[in-house]
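A short write-up of the structure that comes next.
The values are calculated or read from the model by the stated rules, or taken from the named source; none is laboratory data. On a predicted model such as this, the values are computed, not experimentally measured, just so you know. When we count neighbours, we look across all protein chains shown, and the Cβ atoms used for this are built from the backbone with ideal geometry, even at glycine.
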Amino acid sequence: MVETYLRQSPLAHRALDAQVSDNTADAALVLTERRFLAKVNIRGKVDGDAVKAAIGVALPSEANTVMEGNNLCALWLGPSEWLIVGPPNAEKNIEEALNEVLAGASVGIVDVTEGRTTISVSGPMARDVIAMGCPLDLHPRVFSPGQCAQSFISRSPILLHQVDDSPSFDIHIERSQSDYLWTWLETGGAPYGVAVAGEPETTNWRRPARRKATS
Amino acid sequence: MTQAFRNADGGLIDRGTRINFTYDGQRYQGNAGDTLASALLANGVRLVGRSFKYHRPRGIVGSGAEEPNALIQLGEGALTEPNTRATQIELFEGLVANSQNAWPGVGFDIGGINNIVSKVIPAGFYYKTFMWPAKSWMLYEKFIRGAAGLGKAPTEPDPDIYEKRRVHCDVLVVGAGPAGLAAARAAGASGARIILADEQSGFGGSLLSSKATVDGKSGAQWAADVTQELAGQEEVRLLPRTTVTGYYDHNFLVAVERITDHLPFADRKGPRQRVWKIRAKQVILATGAIERPLVFAENDRPGVMLADAAKTYVNRFGARPGSRAVVFTNNDSAYRAAIDAADGGIHVVAIVDLRAKPEGTFVRQARDRGIEVIANSAITAVKGAKQVSEVDVMTLSDDGTSVSGGRRSLDCDLVMMSGGWNPTVHLASQSGAKTVWDDTLATFLPGEPKQAQRNVGGVAGQFGLAACLESGASAGAGAALDAGFDAQAGKTPAIEAGEGDGELNLRPIWTVPSDRKGAKRFHDFQNDVTAADIALAHRENYASVEHFKRYTTTGMGTDQGKTSNVNGLAILAELRNEPVPSVGHTTFRPFYTAVTVGALAGNDTGPQLLDPVRKTAMHTWHEAHGAHFEDVGAWKRPYCYLREGESVKQAVDRETLATRTSVAILDASTLGKIDIQGPDAAEFLDRIYTNMFSSLKVGSCRYGFMCKDDGMVFDDGVTARIGENRFLMSTTTGGAPNVLNWLEEWLQTEWTDLEVYCTSVTTQWAAIAIAGPNSRRLLSELTNVDLSNDAFPFMTWQDGDVAGIPSRIFRISFSGETGFEVQCPASYAMALWRALMTAGEKFNIMPYGTEAMHVLRAEKGFVIVGQDTDGTTTPHDLGMSWIVSKKKDDFLGKRGLARPDTLREDRKQLVGLITDDPNEVIPEGAHISPEPHAPPPVPMEGWVSSSYYSPNCGRSIALALIQRGHERMGESVAIPLEDKVVRAKIVSSVFFDEEGERLRG
Amino acid sequence: MAAQAHIARPDPHTASDKEWGEYLFMRKNPKGVHFERWFHANGCRKWFHMARHTVSHEILAIYGITEPAPKLDGGEGTS
Ligand SMILES: [Zn+2]
């Protein structure tokens, strides 16, 4: 078993834990690194029911939407492409479950956990700071919780997921550019007040109980 | 100083709040609500600058963005900003401003000598005199720019912060005058998302300087009430002090908001300016109109002002721009200004009217007040050096081309002129709409909109208040309706009967005649261009309007011809005996007014944010260990690791030697990695690569070349077979995104029958290259995997733990040494790197950077795609025909490689070069010439693509692409450099361990 | 990313040098309606077709990457 203390998130060098603020309520912008969230990419001709049975979340068919279930989110990335996001350390189990149920199907299942991290952005200025570099229309009439979109902030590609209407967003970012994006968000929010929040609790992921075969 | 020209009451300024400011070293006081221009006028300051070319004294002409003369160097030190307009600078406590274009000061100006010798500085003078010979221009330029210069750029870094913001809306209203306010009100009531932007501090536009009443209250009060109503609506965003400067495709507009420029320095917090990038479903342009000067003799004397500007200073600021005014006009609107001036305490001496029989609502009102109207007459001279003191008036001929009769002199210190109005069509024109000439108004109006856009009010040629309010409300409702909202125009506000209908009854006389031969009649104040200059351009056949503009420099100043363009074109049209529209006008381009570069940059400045930076998982280790970084694409990669007291070359040499003598490690994480899965994955790779991949065994890997379909090398890398239907492709660092897009392109557009799925895993896996004779010994200390040559042959891979971390080990090498590449999940890479460094201490391990990697691979003749290839290089040119499959039926590039041009024998081919002097390192990119001493253009036969000092060879080595290179082994070639010609011998491109024993050992 | 659409890759076994050269290098540059291939780089990474007016930049049609060009007023423009 690999020693977990050896594991470093992409923003580990920033020692964010030491910067966590007691009072994030007054901050215009609240940032958090959500470390090691499991991320598995699915492409191809996927049997959605089989996926739902295997991991407990359905794959959205509507563009730029997110389905939730069994402690997982399934984000629509494109026609026939999705990203499953789950709690830390779930990636191997998710990948295994998908490979099992989709064996022989024309699909590509790839663990991309290590290649990205997630920066949670919330607070009253969250929309405005993101809009400093992102061309998406984030107005509540247009973009709301349960929606996601691939876009960019300044010149970094991002996957944006609105989590709630506080508002709070999860920005999934390629790990090599996460340090740049963090600096960028912090700089944009600086005139208004930025705080670092602690990471939300996560639970261990379990595969759904297998139903008896009906055939 | 007292404000001697400030009225005791009236206007929108706050008389209770005094503001101290400094202008040209002199201290003054103004009031809250003043602009710098209104405060200067209230203090009796009329002379504000010297003109660009002749250094003639100039005064304030306008009251807004159109101002051509009152250019100000605002602030000092790092905060200084040139070319701001006094008419748009809001006064704040502690403001420091200086006039431009004048040394030692506006009162006495050395450059004024140009005025006396102005006969020798006609239009085109700079071009004719100084452009040839080119060398002389370099000498003259400094002198000319010094004398003519428009302000000074700050020399220190800008300490301010700026912001950019994207925003979307249903309806964008540009301009918050009566039409814009009415539009925003009608649209806003529907619940649509509205943005209302205006360049001024307060909303109201012309209402702020007018005495008209709306719905029984003053125009300013009505505007304030509507603004408040709009502010209360959730989906309305009000942007005062915001200039919409550009209008692009698909209703994308750019605006600049000045957030803190009006505040005392101590109160400035947060961003100074914000650039709004607006995407609007519907756009309403209510940009108004700008008054046009009359082109008459000596019309540039300080004290000659646009009539509406004078009215604005009196009505809005309670500041009198003079004491005795003569009004000079060709239309009715100046009469309204004359009446307001008279009400404001200015003695209106007379109204000189170019029209034979002026008679409109305001003409009657003026006459009723006893103001003398001198009809059918022209001002033929303006006297006074630094301020108007007197004008001459003569009778105009019927055709308007000459004057006659007695000369009547009028004593005055202010001339209020009006030559009509030019709608501010800039944004409409930028949006793609053609402009159309209107004969009645004698000006250009915006034509049929090309985008989802409407024009209302002054910009549409509507000068009556009632028409503005009505068209605004109707456009606002219409735009909201088109954006999908239920909207109504509502009731049009009530206007007084005496307000008139906005008719101008204009008589265009583009060049006002004078009996004084040679008197300058300016149409472009800022660039000092006169009617005579236009005639000269015309005589010299600068017939096209684009040539005319550049020759005379009309409209090329910081004001971009806001007051001068139409006059200039009309004068040219008269000379050409053509109607104005057939002369046309030059293109209106963004920006409407100048934009601070800092605002366009926003937050994207400095080493952290100028460009996105990509860092590997080991980046902080590299930083802590002396890494000297280089940019490879967006990546920061260690070029070498500098030790105490070491030069870059010494570090590179040390790292290069260490790799061949013991062991060294390289952070190779940046190489692109693509996971390729699917039942057709092998077939797909056979089509993408020039060589065969379907024959590759699971557990093995192979080096491959990709060509574009023309046969030119595009990328390369090692691809491993992970499973029957799964491959892990590696690409060059810089090529990774392009390769992934390339794969997607063929899968999605051409080979739609192939079931293959590509996913980038570049940063999923960190990669460490371990190279050198001790690499196997080092790695075996950290893993149980059998690394022996038999168990783990060259070009295979195996999974296994390394330092307790689940990893994938590849037996590959780019250094030509025995080597491995270990890939591990990126978040464990730092731990793995540290473990290798610790375990390697006994081997004197060291990290090596990209430059040592380059030297090592060049010693072996391994090419770098993009460095030793340039998009016209085939695998055959590189001497790598072995990598081009002869068995495959087709692959990308196969047919291209059989084209006659690709088969030519005189193609440039990759060879090695060794210089006659072993210490000479040829600069990369140097050309190779068969006749290095020939006069230019020197013939070329190739170029040096890679060049290094090789410590392992003990000499310099180079790779070059040379015509017919492969058949010229042993030949001597010449490389002409700036100061000498270097000679070198063509050799094999492999300089070290030609047999490859180290690689496979 | 945009490029001219509906260029068929000739059969490499039978195409003449001239045909192959035209497939590789020759592109239209019409003033008017242009049929193009676009790649949604900052989104779903799908290729798609677009009919675009090269003067007004108006987007006249969007259609699938395997679909044929629609009939549009203004034709293909002149090259
Ligand atoms: Zn898309």
Checklist entry - Do you know which of the residues in the range B:472-488 that are of a type outside the set (A, V, I, L, M, F, W, C) and over 35 Å from the mean Cα position of the chain (by Cα) is surrounded by the fewest Cβ atoms within 10 Å (Cβ to Cβ)? => result B:486
Item to check | Options B:780, B:775, B:760; residue that is of a type outside the set (A, V, I, L, M, F, W, C), out of contact with any helix residue (DSSP H, G or I) (no Cβ under 8 Å at 6 or more places or on another chain) and over 30 Å from residue B:956 (Cβ atoms) | outcome: B:780
Checklist entry - Is it true that some residue in the range B:900-908 is under 30 Å from residue B:653 (Cα atoms) and either loosely packed, with under 12 Cβ neighbours inside 10 Å or more than 14 Å from chain C (Cβ to nearest Cβ) (or both)? => result no
Checklist entry - Out of the range B:332-366, which residues are under 44 Å from the mean Cα position of the chain (by Cα) and either of a type in the set (S, T, N, Q) or part of a helix (DSSP H, G or I) (or both)? => result B:333, B:334, B:335, B:336, B:337, B:338, B:340, B:341
Checklist entry - Checking residue A:31 against (1) outside any strand (DSSP E or B); (2) surrounded by 14 or more Cβ atoms within 10 Å (Cβ to Cβ); (3) in contact (Cβ under 8 Å) with a residue 24 or more places away in the chain; (4) of a type outside the set (Phe, Trp, Tyr), which test does it fail? => result (1)
Checklist entry - If you go through the range C:34-60, how many residues are assigned to a strand (DSSP E or B) and either within 10 Å of chain A (Cβ to nearest Cβ) or within 16 Å of the ligand (Cβ to nearest atom) (or both)? => result 9
Next on the checklist: Yes or no: the range B:360-368 includes at least one residue that is surrounded by fewer than 24 Cβ atoms within 10 Å (Cβ to Cβ) and closer than 20 Å to residue B:511 by Cα.
Outcome noted: no
Checklist entry - So which of A:179, A:137 ends up being within 16 Å of the ligand (Cβ to nearest atom), more than 15 Å from the chain's Cα centre (by Cα), of a type outside the set (Phe, Trp, Tyr) and at pLDDT 95 or above? => result A:137
Next on the checklist: Please determine whether any residue of the range B:14-37 is surrounded by fewer than 19 Cβ atoms within 10 Å (Cβ to Cβ) and in contact with a Lys or Arg (Cβ under 6 Å, 6 or more places away or on another chain).
Outcome noted: yes
Checklist entry - Just one of A:95, A:100 is surrounded by fewer than 21 Cβ atoms within 10 Å (Cβ to Cβ) and within 14 Å of chain B (Cβ to nearest Cβ); which is it? => result A:95
Checklist entry - Just wondering, is there one or more residues in the range A:171-178 that are without any contact (Cβ under 8 Å) to a residue 40 or more places away in the chain, closer than 18 Å to residue A:39 by Cβ and not in a helix (DSSP H, G or I)? => result no
Checklist entry - How many residues does the range A:53-71 contain that are outside any loop (DSSP other than H, G, I, E, B) and within 16 Å of the ligand (Cβ to nearest atom)? => result 1
Checklist outcome for this item: Of the candidates B:646, B:655, B:630, B:574, the one satisfying the condition of being of a type in the set (Asp, Glu) and out of contact with any Phe, Trp or Tyr (no Cβ under 9 Å at 6 or more places or on another chain) is B:646
Next on the checklist: Name the residue that is nearest to residue B:998 (Cα to Cα), counting only residues in the range B:603-660 that are of a type in the set (Val, Ile, Thr) and part of a loop (DSSP other than H, G, I, E, B).
Outcome noted: B:616
Next on the checklist: Just to confirm my filter: which strands (runs of 3 or more DSSP E) fall fully inside the range B:381-456 and include at least 2 residues that are of a type in the set (Lys, Arg)?
Outcome noted: B:403-411
Checklist outcome for this item: Of the residues in the range A:42-85, those that are modelled with pLDDT under 95 and either under 17 Å from the mean Cα position of the chain (by Cα) or of a type in the set (Val, Ile, Thr) (or both) number 1
Checklist entry - residue B:832 is checked against (1) away from every other protein chain (no Cβ under 14 Å); (2) in a helix (DSSP H, G or I) and fails just one. What number does that condition carry? => result (1)
Next on the checklist: Among the residues of the range A:22-41, are any within 16 Å of the ligand (Cβ to nearest atom), among the basic types (Lys, Arg) and at pLDDT 95 or above?
Outcome noted: no
Checklist entry - Just for the range B:591-619: of the residues that are touching a residue at least 40 places away in the same chain (Cβ under 8 Å) and either basic (Lys, Arg) or over 30 Å from residue B:83 (Cα atoms) (or both), which one is nearest to the other protein chains (Cβ to nearest Cβ)? => result B:614
Item to check | Test: residue in the range A:137-156 that is outside any loop (DSSP other than H, G, I, E, B) and touching a helix residue (DSSP H, G or I) at 6+ places or on another chain (Cβ under 9 Å) | outcome: yes
Item to check | Filter result for residue C:25 (more than 16 Å from the ligand (Cβ to nearest atom), free of Cβ contacts under 8 Å to residues at least 40 places away in the same chain, of a type in the set (Phe, Trp, Tyr) and away from chain A (no Cβ under 14 Å)) | outcome: yes
Checklist entry - Which is at pLDDT 90 or above and either within 12 Å of another protein chain (Cβ to nearest Cβ) or surrounded by 14 or more Cβ atoms within 10 Å (Cβ to Cβ) (or both), of C:12, C:68? => result C:12
Checklist entry - Inside the range C:15-31, can you point out the residues that are over 17 Å from residue B:896 (Cα atoms), exposed (fewer than 15 other Cβ atoms within 10 Å of the Cβ) and not charged (D, E, K, R)? => result C:29
Item to check | Filter pass, residue C:31 being free of Cβ contacts under 8 Å to residues at least 12 places away in the same chain and either on the phi < 0 side of the Ramachandran plot or more than 16 Å from the ligand (Cβ to nearest atom) (or both) | outcome: no
Next on the checklist: So, in the range A:165-212, exactly how many residues are within 11 Å of another protein chain (Cβ to nearest Cβ) and aliphatic (A, V, I, L, M)?
Outcome noted: 4
Item to check | Matching residues, the range B:917-970, being in a loop (DSSP other than H, G, I, E, B) and of a type in the set (Val, Ile, Thr) | outcome: B:921, B:922, B:938
Checklist outcome for this item: Of those in the range B:561-586 that are without any contact (Cβ under 8 Å) to a residue 60 or more places away in the chain and outside any helix (DSSP H, G or I), the residue surrounded by the fewest Cβ atoms within 10 Å (Cβ to Cβ) is B:577
